[in-house]
Every structure is written in structure tokens, then in C-alpha cells.
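These notes concern the structure reproduced below.
Read-outs: derived from the displayed coordinates by stated rules, not from any lab. All values derive from a computational prediction rather than experimental measurement. Cβ placement follows ideal geometry from the backbone for every residue including glycine, while neighbour counts extend to all protein chains displayed.
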Amino acid sequence: MKTKLLFIYVLCFLFSCGISAQQSQKGWLKIGKAKKTVPIATQSQNTQSAQSRSVEGWQGKKAPAQATRIFYYNNGNEKVYTHKEYYEYDAYGNVTLIEPNINERVIYEYDNKTNGKLLLSETHYVWDYPTQVWKKTQNAANFTTTLNASGIRTAVNKTGIEKATFNEKGYVTYIKENYLYSYGSQQSEMSVTWKDNFPSTISISYREEDAPYDITEISNITPMYGTENFNPYLITEDDWDSNMYDGEDNSFFFNCDATMKEGYGRSINLRIECEHEDATNTFSRTVYILQGDQKTPYYTEKRTLLDSNGSFRYTYTDHDEEYRDTLIVTYNKYGDIIRQEKIETEYNYRYSYLDIYDREYDSNGNPQKTTYTRYNNNDNPEEVWEETYEKRTEEDRNVIEITLSAPGTLESALAALDKPIYALRIIGEMNQDDYYIINQIEQISFVDLSQTTNTSIPTNFLNNKEQLVAIMLPETLKEIQNDAFRYCRSLYSINLPNSIENIGYGAFSYCQIDSLILPESLLSLGDYAFEECEKLVYVKLPTKLSTLSAGALSYCKNLQKIVCRMPAPVSANVIYDSDEVFRGINHENCTVVVPAISLASYRADKSWNKFTHYETFEYTPKDWILNGHLLLSDNTRIPGSPDMEINMGGGLIVEGNSPMPIKTLKIHQGEVYDQWGDRSYTNKLPIVISRSNALSAENIELIYTCEPYQWYFVSFPFDVNPANITVDNNALYVIRYYDGAARAQYGAGSSWQDVPNGEILRAGEGYIIQFNQKVTQFTVSAVHNANKDTFFSNSSRKITLNEYNSEYAHNRSWNLIGNPYPCYFNIKSMECSAPIIVQNGRGYSAYSPVDDHYALSPMQAFFIQKPLDLENITFQPEGRQGDGAIVTKEGYTRSINSERTVYNITLGNKIYTDKTRFVITPNASIKYDFGKDASKFMSEDKEVVQLFTIENGVQYAINERPLEKGVIQLGVYIGKKGEYTFNMGENIPLEGDIILIDKQENKEIDLKNESYSFDAEAGTYADRFEIHLSIVPTDIQTETEADSPRVIPGYNKITVKADTGDDIKIYAITGQLLRQVIATQSETEIAIGNGAYIVTVKDKAFKTIVLK
């Protein structure tokens, strides 16, 4: 995180906590503590390089020109090697080269005219193993300085610095910084005025995201002591923060005034005063809070020189003595650190560490070796490194080549090598053991698998290998599994061969890739696949990409261009947040390049419309593959007569009247069972919506993927000749139709009939299909007749309903038909109010066009009972939708009587939940009404639970009826012994009570307030459960009536106000007498458990509910 000036820390903390000026000392305490315990992490290397000798402890004049540092950690008594670093320094003590590992290098250049105080450039490199050279990287920390002819700094170029100006000496006078992080953005502006070589005023404005700016004004700056140590060539806010306000590490002091204004209007005034005490050679700095004429000390920093070598003690003390920080630094006679001890205390909390530098010199005082050890709070060493200063030997960065004699032999091949392995090339076929062996090479930096024959990179293959810089993959590769290269924070180079079809979850998240060209073979990009690849500036997405999952490119904060080869925008595979794929990307700074014909589609897509800048290119392939919705508005048309495939998630929406012929249209319906059974998948079915009458196709095919031994409910928008159906794997299948006449005559259970050989499958009719094995290519094609021509029609569709007379109304005139449109369809646009029944995967669900918002899937089959007065169902084109989300339009709300109350009850376990509905309407009939009621279709799966209401022996899925006695009989089928739970479904009525009666357990539950769980054996329960509604006979009054007597419910009690001697009786809803009491005073309190009761007092009855 980019650090801020100490003043801004204080300001943000004080006002975020909303504390008053009197309380502000407590706030500053915490900020001071945080500042002292957390090292400042600078973005610019200027501060780091200027202080690098101090950090390493080399203050003497004989500091080395280079250093090799080897790091270890302690595992018990064993010292374990971790990594090696290399440094080079100039004559001023500035670091000029850092190699933090074998693969990375940073080079710094300084200006000799300023004695090395002015940083001229910072450049990052990485070792390129294939070419064996250092390659410059696009690192955000890369930095350059511009000097004029006189050698004066006039400009800087660094990511995050938007503008900078300098005075005639090259000192910064204004700088504007803007940084984008994974958690948001930060902006700051700073203005500086100068007097000689020291600032006289500083103004800082800072904010996060779009919040108002916090402003700090520092004035009356007066240099006091040691200011010759100040570097006037500071640039970023971080540099100023570290150099001017870090009392531990700097020895210059100044006085100043400061005013801090919080963005929402509050402010605080401060004063900093510095002093020197000659007797103890102590410099001090005290921060005061100014409140009117009162000056309250907040904290004091002191730096006391201890000897002539430069050793010192630093202390930080807040004035309420809750926190204290002490740092003691000891130098030897050469001016080099040999010991550093830090102790922090706050109340009973104590933290400390001790750094020991064991230094060796030659007879002339030149450093030979340093061993550094850190101890934290105890005597156990936590960190160890050893540093030597002779000219180093370059590391062996050559690639070790291993040819495998057989899969699984890599371990034995590597065991014969007696040297560190940084780069490895494998030839031959690998297995999981070989991948594991590579994973165990801690310092692996380069892996070349291009000459292997494997098809998959396993999960976590090189996860968290921070030294890995490059990987080469084979042309046989099909998939990269989850997290394969996650947290490879140095990985900048990877080839993605044109064979990969799937990249898994988090496969390359947190890598250093700057340019990404995904191969044309790629079909699916997993969740968070490239999350937080902060150096990524360019991405090219392939034509056939079908899945762009959650967070796939999130927080790639420097992304500047996305080139989309997909002719239709692949929508985010995200249920809740369409921005999740591109979260953390600066949408205004990133340009999206799309096919010209697809521009309107991208701008309309909920995932892609966040971007504001678009460019286009011409795109005219022979075959069009749509994995997203392509919108052809007005008279925009695809040229020629192309072949087109619409896959899951894809769609074609055409407007305007210009003709567009398609040669062959293939629609991949996917796995219908899951898509229609689980509504979370329904938005991905392919769709076609033609708002034009000029669209045509020479051939139309529907292609299904199906599992074995599942019944698939299908309907076709055109006639199908079974003789032309093709199926892969020589699978066997059966197609059946629903015989409504048999249902009418014999009842449910004997209604499915095989389609006779040679009979055409008619458009708009429903069928079921089952296979004896899994198939991926069950293909049906359209018969060339008038029904095929209506596939692209923009008009309404009619489907004839057949009438089948029956002795029983609930068996009469059942038809299995289908959504006639190749798109989603809102049932409120059907010119029919009768309920429909749809198969939901393991059972059946009933929906009412009057009460439900439901969209049929493309060509979905459903049951409907023909109303007496309706010969056809008309489907109006206004009901067509691009997905299964409910679209509310004017005219969709049907007229509903205000006295009509809908009750939805559910019953389920962890596996499956069923539901039933009853509707109370005064004008309804208690008899079965096939224009309003729907009989229960029982699941063929005998293990799932089934719920229905029962009226006169008929099982209902939807039961519209009058109230009558307010008792609804529930029927339950339990397929498997276990625990089941009743609940209220959606849209719980606000008025009245809904009491579930379990007659077997003698329990009453108000379902409006709680669910009810019970254990049951397998079987059918027709008499066990009832629903009692809170409507009672007219001679029963409610407790709210003011007339005496009165019944007042309480918690686990009922209070009755009545005359002395009155007979009080309490009944259960089922009529069982529970209590009988004779009133002995005007108010009688009766203890009773929670539930619904009827209370009678003399000749009056009262309905009441007692709560827990």
C-alpha cells in the first residue's frame, strides 16, 4: 500500500472515528503506534537506495562495492537455505544493482553532480531462459528522469505520476499521483515552496476512490538541526513521508505549523517544535494539538547520541504514557551497525527484537563478512543472513535437459545431478510423479515441457513458486487445471499452445504476465484465472470462447486493451454480480476492440457495458459461432449465407426487415434435464428471437446432450422426421407421446405411448425421450414444410388443445405441448389462465399464469388441461425473452380479486423439496375446476417426497377453493425414511394464521412463525396433516373486541377478563378441551403453551394465539 504523510494518517484516523478534539490524543496514539510498528513500504526506490547502506548497517567509509547475501531460516537447530541476493553500490553508498533472486535484476542510476542524491532511473529486468539474456520488463516501478542542457531535472516518467513540476534547482514544486490497487484507487497532490535547499511550505491533498480530498497545510517550516542530511531531490509522497517524519532513521529536525482538513469539513491544528539539550546531546521533537489558546503535547520523539561512533537511542513517548517505543543502535569504530535493539510497550503488551551484526574485517579495516541474526521476543533466532563482499561468480543459468526413459523416472534422473537446479527441460511422457518432483524443486525458475506429450497440467503444479519466471507448454496440451501457477509472482512468460481448451480456476492469478493472447482453441476460462495480474496490459480473447467466469480478469488494474474475437459477447458466468469478471479494472482507461457487426451487442451486455471506449474491426468468417447474444439491430446483417452455430449461452436476436439467409443453423441445446430441472442454469440455453419476417435458414438442426436412463421432456418448433434423426455412439433410444385419451379413460399411470414407426413428430407437441447410454450428438433436423418457415416468424403462435371427455374432471383433456418459440417465454403472455405442469428434474411443478412469474425455457414441454371455452392457446410474441429472468411489462398483471389469497406450502429434506398451493376465493367451487385447479402429477422417482392437497379424494398441485370451514387436508408421500420439514413458500399472506396440525404427534404449529420438522417412515400419509386457517364461525369473536368479556394473549399464558363465576374453557383448534376454569375474580390468568386456541366464556367464543 502506498504510504501517506504522518499528518494524513492522523487526519484519516481522527475523523474516521468521529472523535472530538479533546479525544484526538487517543487517536494519534494509535496512529503513532502503527507508524512505529509497521515498516514503511515505499513505491519508489529513491528512499530505499538512499538509505540502503543504513539499512544494511554500512555507515563507514570503507563500505564494499558489492555484496552477496545468503538467507536462511532456522528449523530447530538447523539452518535452512532459502535464497540468495546480490547488491552493488556506488561511491555515495547508493545501491546501483539488486538481484533479489537468480532471475530478477534492478538497475539504478544516480546523478554525480548531486553527489548521488538525485535518482535518474530505475529499470527492472528478468532473465530470459530461452534466449539466455536479461530482458527489460514492463514494471510499474520503472522510472526515468529528464534533465535539461544544464543538468537540471525537469520531468519524471513513472507509472502513477500524472504530473510533476520542478524549480530552477530541480526540486519538486508540484506532483500529482494516482494509483490503482486491488482494493481501490488512491490519488494525491502535493505542492512545495522552497527557501534555499529546504521546503518552507507543503500542501498535500489525498483521497481514496471518489471521496472528498483530505488536505494538510504545513507552513512556517523552520530548519533546526541536522538539516544538511535532508535530500531535496525527493519526488513522491512516500519519499517525503520517510525522509521528513521518520524520527527513528533520520537526524534532521524542523519546526512547523500544520492544519489538517478532513474532506467532509472538520479540521485540526498542530504544532511541531524541536529542541537540543547540549548536556545529554539529545535532539527532541514534540507534536502539539492546538485548541484555541491551549497547546496540548501529544507525543515526543527524542534522539540521544551515545558515543563518538554515532550510536544513539531513539524514544517515542505519548503523553498519556500508554505507549512507548525505544530503539538503541550501536556502531563500531568503523561506523558500522553491530547491534540494534527495539522495545515497544503498551499497557501489559511488550514487543521486542534484537539485531546482531557479527562483522569481520581485514587488517586494513576492509569488511570481509557479516552474519546477521534477528531475535524476536526470545532467544530463538528468527532470521539469518550471511554477507560476503568479494567479486561474485555468476550463477549457472543454463537449462538442464532430461530425457525420460519412461513416465515416472524423473526423480532418478535428477538424483544423478550434483548441482542446484534452476532451469529444466523435459523430453518424453510424464506422469503425476514427475510433476510432483518438479513441484519439489524450491528454486525452480524455468520449466520447458514443450517436448513432452502430456495433455493436462495438474492442479497446484507450480503453485506459489515465486522464482518461476517462464514456462513452455507442449502442443498436445488440452487443459491447465486449477491453481496450476497461482501465486507465481515472477512468472512473466508463458506460451499457450493452440490446443488448450480449458484454463481452470485461478490458474495464473497473481502472475506477472504483461500480454496475453489466448489460443483460438480455448473454450472455457475458469473463475479468477488471471486475477490480479497487475502488469497485464493487453488481452486477446479467442473466437470460440464460451465461458468467461467470475473474476477471470478481475483487478488487472493496468489493463489497457481487450481484443474480442468472439462475434457475440460472452456474458459473465456470474449469478449475483455482472461486474465481477472485470472488477478492479479501470473501465475508463481500458479499450475494448470488437467486431464491427457486434458493437451494439457488446454495448448492451450487462458485463461489457461497464467499458466506455470501444474500437471495431471487420469480421467476416465463413462460420459464425455464437456463445453470447448477437444483436443485429435495424438492417445490420451478416453478409452472404453463412453457417451458424449457437451454443449454450448464445443467441441470435434480429430486428429490421432486411433479409438475411443462413445456410445451416445448428442450435446446441445442451443437457436439457439439468437446464430445466435447476432454474439456476436456465439462462444459458441458446435462443433465437426474430423481430423480422425476412430471416430464413436452408437447414435447421437441434443438437442435444443426454444422460442415460433419464426421461427428457422436449418439444420441437418444427416437424421432425424420426428417420432423419442421428445419434452418436450407436445409442438406442425411445420416444413417447402423452395419450390424453387414455388418461381420461383410465386415469394417471397409463398415459405414455411409444411414437409409432414412421410418424412425424409434430411442431408444438410434447414428447419424452430416453437413451441407453450417454449421447452428445442427438440431432434432429427440420422437415422442409410450412412449420419450418415459422421458426423465424415474428407473429403469434397457436397450438390446438385436444378435448378428452372423462368421468372425472381432474383426468379430463390433459395435453402435453411445448413452448413454440426457440427462446424463453413469459407464461403471462399466453392467452390462457389455466395452470401448467412442468417437469423439474426429479418431479413436477405447477405454475399459474395468474399467480406466478415463470418463463418457459426454449421449446420446453409442459402439461395443460384444456379449458371448456378454449380451443387453442395463443402465444403472443411480446412474451419472448432472451433469458429466464422475469420481465415485468405493462399488461402482464392479470385482474385478481382482492379477496383472493394464495398459500404456498413446501415440504422437503436435504435432497429435494416439493410444494403445493391452495387459493382461497369466495367465488371458487369446492369441486375440481380445470380452468383454475391442477391435479398432482406424481414423480416417477419413488425416493423423493411429494406434497399435495386432497379434496374429495382428488390430489391437487393447485387447489382454488372457497374457505368453508378453513380446513385444508394435506397429503404427503415419503419415498425414503428420514426427517422432513414443512415451511411456508414465497409470498406469505400477511393476515390471519396458518396452523399446521400433525394429528399423529398431536402438535400444532403456526407456519407463519416457524417451520415444522418430523420423522417419518416411507409411505403415503393422507390423514395425518391438516392446515387450519384463522377464520372462525361468525359467533366466534376476536380478542381485540372491546366488549366484556375479553381474552388477552401473553407469553405462555392467556388472561381472561370476565365476571366472577363465569365458566372459562380453552380448546385446541382441533376441538379438544384443554382447560376449564371458573372465574373467581375479574381477571383470570391461565398458564398454557404457545399455539392457537379457541376460548369460550359463557356463550361467547374467542380466537387467540399464545407465543413463547
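Summary of values
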quantity: Nitroxide proxy distance, nm - points 7 Å out along Cα→Cβ at Tyr746 and Lys965; calculated: 3.7 nm
quantity: Sparse-neighbourhood loop sites, GluC sites (Glu not before Pro) in the stretch 344-425 - DSSP loop, at most 10 other Cβ within 10 angstrom; calculated: Glu394
quantity: Electrostatic dipole magnitude of the chain [Cβ: Lys, Arg +1; Asp, Glu -1; Cα centre; debye, to 20]; calculated: 1220 debye
quantity: The chain: relative contact order as a whole-number percent, Cα under 8 Å and 6+ apart; calculated: 4 percent
quantity: Additional length obtainable on full extension of the chain from Asp379 to Lys295, 0.36 nm per residue less Cα span; calculated: 25.9 nm
quantity: Interchain or long-range residues, amide H under 5 Å from Met224's placed H; calculated: Phe253, Phe254, Asn255
quantity: 3J(HN,Hα) from dihedral phi, the stretch 790-796, Karplus parametrisation 6.51/-1.76/1.60, rounded to Hz, x for glycine, proline; calculated: 7, 4, 9, 5, 9, 9, 6
quantity: Cα convex hull volume per residue for the stretch 651-881 (Å³); calculated: 122 Å³
quantity: Pair-distance profile P(r), taking every C-alpha pair of the stretch 896-945, with 10 angstrom steps and integer %; calculated: 19, 43, 26, 12
quantity: Per-residue HN-Hα couplings for the stretch 758-774 [Karplus 6.51, -1.76, 1.60; θ = phi - 60°; Hz; x = Gly/Pro]; calculated: x, 7, 5, 7, 7, 4, x, 8, x, 9, 10, 9, 9, 10, 8, 7, 5
quantity: P(r) histogram, all alpha-carbon pairs of the stretch 434-522 included - 5 Å bins from 0, percent; calculated: 3, 16, 26, 31, 18, 5, 0
quantity: Amide H contacts of Asp643 (H built 1.01 Å from N, under 5 Å, at least 5 apart or other chain); calculated: Trp624, Lys663, Thr664
quantity: Neighbour net charge for Asn699 - beta-carbon separation under 15 angstrom, K R +1, D E -1; calculated: -4
quantity: Simple spin-label estimate for Ser200 and Glu878 in nanometres, 7 Å along Cα-Cβ; calculated: 7.6 nm
quantity: R0 of 35 Å, Cβ-Cβ distance Glu759-Glu618: FRET efficiency to nearest 0.05; calculated: 0.15
quantity: Local electrostatic count at Glu1026 - Lys and Arg +1, Asp and Glu -1, tallied over other residues with Cβ under 15 Å; calculated: -3
quantity: Distance between modelled label sites at Lys136 and Thr227, nm, 7 Å Cα→Cβ extension; calculated: 3.9 nm
quantity: Whichever lysines have a C-alpha closer than 20 Å to that of Lys936, once near sequence neighbours (fewer than 8 apart) are set aside; calculated: Lys866, Lys915, Lys927, Lys976
quantity: Selection from Asn454, Phe198, Phe617, by position along the positive dipole direction of the chain (Cβ); calculated: Phe617
quantity: Cα pair distances exceeding 13 angstrom across the stretch 398-454, given as percent; calculated: 56 percent
quantity: Built amide H within the under 5 Å cut-off of Thr282, gap 5+; calculated: Glu277
quantity: Check: the stretch 196-244 dipole with +1 on Lys, Arg Cβ and -1 on Asp, Glu Cβ, in debye; calculated: 260 debye
quantity: Potential extension, Thr800-Leu147 segment - 0.36 nm per residue separation minus Cα distance; calculated: 226.6 nm
quantity: Inter-part distance where the stretch 631-655 and the stretch 723-762 are each reduced to a Cα centre, Å; calculated: 34 Å
quantity: Positive-end residue of Gln291, Trp127, His319, charge dipole of the chain with Cβ unit charges; calculated: Gln291
quantity: Extension gain, Thr154 back to Thr1060 (0.36 nm per residue minus Cα-Cα distance, nm); calculated: 316.0 nm
quantity: FRET efficiency for Lys663 and Glu940, using Cβ-Cβ distance with R0 set to 56 Å, rounded to 0.05; calculated: 0.85
quantity: Distance histogram in 5 Å bins (all Cα pairs of the stretch 901-1029, percent per bin); calculated: 2, 10, 22, 25, 21, 13, 5, 1, 0
quantity: Cross-link pairs Lys113/Lys176; Lys684/Lys910; Lys342/Lys391; Lys419/Lys535; Lys788/Lys942 - those with Cα-Cα distance over 31 Å; calculated: Lys342/Lys391; Lys419/Lys535; Lys788/Lys942
quantity: Taking the stretch 436-586 and dividing mean pair separation by its residue count, relative contact order in percent (alpha carbons under 8 Å, at least six apart); calculated: 15 percent
quantity: Rotationally averaged projected area of the chain (alpha carbon convex hull; nm²); calculated: 61.6 nm²
quantity: Neighbour net charge for Ile950 - beta-carbon separation under 13 angstrom, K R +1, D E -1; calculated: -1
quantity: Expected 222 nm ellipticity per residue - DSSP helices of 4 or more, -39500 (n - 2.57), all of the chain, to 500; calculated: -2000 deg cm²/dmol
quantity: Cα-based reach from Lys1065 at 25 Å (exclusive), listing lysines while leaving out same-chain residues under 8 positions away; calculated: Lys965, Lys999, Lys1003, Lys1053, Lys1057, Lys1098, Lys1100, Lys1103, Lys1108
quantity: Under 17 Å from the Cα of Lys295 - lysines, other chains or at least 8 residues apart; calculated: Lys26
quantity: Using a Förster distance of 30 Å, the FRET efficiency for Tyr73-Glu208 (Cβ separation, nearest 0.05); calculated: 0.25
